[in-house]
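Report on one structure; see the data block that follows.
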Amino acid sequence: MFLDRDGVLNDAMVRDGRPHPPSTVAEFVLLPGVVDACAQLRRSGLVLVVVTNQPDIARGSQDAATVVHMHELLNAFLQLDAIYVCPHDDTWRCECRKPAPGMLVAASHELGLDLTESFMVGDRWRDIEAGKRAGCRTIHIDRHYSEKGPDHPDLVVADLPSAVRWIQAVRGGTKETRSA
């Protein structure tokens, strides 16, 4: 189970219709139902991996220590298997920044995951595109941002608990494989 962070697990700060990460640990608030949804995914045997673009680190408007602290809190509440962070801006043209699938591919190699049996859940077109490029099924959490939407996700939902219900239904008929 690949999960974007801001807008999927925690509240994104929306300004002018566009989401932004929280600036401080005090602003870092989990969305309703996320703790239970992740617990359900874990009980169903899925590996939980956060894949998050954090370009404000490269831009100098966020320090890496604050992001690390946020991820320590996230892990304490959600018991994640891994967190992958791309600290780069688009100008870096790296392989880890979504929509490139680099973080998902790295996680699949390092954790022994089958990408074709995995899911990518995100709230922006970059998340969905990264999931598609990696070969995952994609779920878009539609937050109605004022920006380009994703092209043809497998499912569109309002929140992570809604995505979990669909994932559990889909996985009900599949064999057990190590997947995210």
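What do you reckon, is Ala107 part of a loop (DSSP other than H, G, I, E, B) and at pLDDT 95 or above? Considered against the rule, which asks whether it is part of a loop (DSSP other than H, G, I, E, B) and at pLDDT 95 or above, Ala107 comes out as no. Whether a residue is of a type in the set (A, V, I, L, M), modelled with pLDDT of 95 or more and in contact with a strand residue (DSSP E or B) (Cβ under 7 Å, 6 or more places away or on another chain) was assessed, and Val14 does not pass this test. The residues on offer are Ile139, Ile128, and the sole one that is part of a helix (DSSP H, G or I), among the β-branched types (Val, Ile, Thr) and either more than 12 Å from Phe2 (Cα to Cα) or without any contact (Cβ under 8 Å) to a residue 40 or more places away in the chain (or both) is Ile128.
The listed residues are Tyr145, Tyr84, and the only one of them that is of a type in the set (Phe, Trp, Tyr) and either part of a loop (DSSP other than H, G, I, E, B) or at pLDDT below 95 (or both) turns out to be Tyr145. Of the residues making up the stretch 112-171, those that are among the hydroxyl-bearing types (Ser, Thr, Tyr), surrounded by fewer than 20 Cβ atoms within 10 Å (Cβ to Cβ) and in contact with a Lys or Arg (Cβ under 7 Å, 6 or more places away or on another chain) are Tyr145, Ser146.
Scanning the stretch 85-111 for residues that are farther than 17 Å from Arg137 by Cα, buried (at least 18 other Cβ atoms within 10 Å of the Cβ) and of a type outside the set (Val, Ile, Thr) turns up Cys86, Pro87, His88, Cys96, Arg97. I'd like the full set of residues that are out of contact with any His (no Cβ under 9 Å at 6 or more places or on another chain) and farther than 24 Å from Asp36 by Cα, limited to the stretch 55-83. Of everything in the stretch 55-83, those that are out of contact with any His (no Cβ under 9 Å at 6 or more places or on another chain) and farther than 24 Å from Asp36 by Cα turn out to be Arg59, Gly60, Ser61, Gln62, Asp63, Ala64, Ala65, Thr66. With the condition kept exactly as written, say whether any residue in the stretch 139-148 is closer than 19 Å to Asn10 by Cβ and among the aliphatic types (A, V, I, L, M). Yes: the stretch 139-148 contains one or more residues that are closer than 19 Å to Asn10 by Cβ and among the aliphatic types (A, V, I, L, M). Screening Gln79 with (1) surrounded by 16 or more Cβ atoms within 10 Å (Cβ to Cβ); (2) polar (S, T, N, Q); (3) within 15 Å of the chain's Cα centre (by Cα) gives one miss only, at (1). Looking across the stretch 32-72, the residues that are within 30 Å of Gly172 (Cα to Cα) and part of a helix (DSSP H, G or I) come down to Val34, Val35, Asp36, Ala37, Cys38, Ala39, Gln40, Leu41, Arg42, Arg43.
The values are calculated or read from the model by the stated rules, or taken from the named source; none is laboratory data. Keep in mind it's a predicted model, so treat the numbers as computed, not measured. With ideal geometry, Cβ positions are generated from the backbone for all residues, glycine too; neighbour counts draw on all protein chains shown.
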